[in-house]
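K.L.:
Just dropping this structure here.
Here, each number is a calculation from the coordinates, and none is a lab measurement. All of these numbers come straight from a predicted model, not from anything done at the bench. Ideal geometry is used to build each Cβ from the backbone, glycine not excepted, and the neighbour counts take in all protein chains shown.
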Amino acid sequence: MAIHQDLVPSAARVRVVVADALGLQRVLTMLTGRNHAFTRLEAEEANGGRWTVTVHLTASSHEMELVTLRLDRLPSVLTVDVTSPGQLAATA
């Protein structure tokens, strides 16, 4: 039985820049409310009250696409960058 590649979970790093602390809270609420499996969570304040959130998620490529789309729709999210497993291995 063949497994469709879009359904195979893999790790990816998602980096989100938000406008303020309320945006940080919204990102965390969205991720935890949908029971996304993450292995690392990092948040740091950037210049001008902005926050950078980095999350290592374990998800299929389809789920990762949905996460990215949902994050982009949050009003306080400024940017969303996803690093795929191949890119993570190349930088390690």
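K.L.:
Could you sort 45-53, 24-32 so that the peptide with the highest average Cβ count within 10 Å comes first and the rest follow in order?
P.N.:
Ranking the peptides 45-53, 24-32 by packing returns 24-32, 45-53.
K.L.:
Going by how many other beta carbons lie within 10 Å of each one, how would you line up Val17, Val8, Val55, fewest first?
P.N.:
The most exposed by this proxy come first: Val8, Val17, Val55.
K.L.:
Compute the label zone of Glu45 within segment 10-27: residues whose backbone N is under 16 Å from the point 7 Å along Cα-to-Cβ.
P.N.:
Only 18-25 pass the distance filter.
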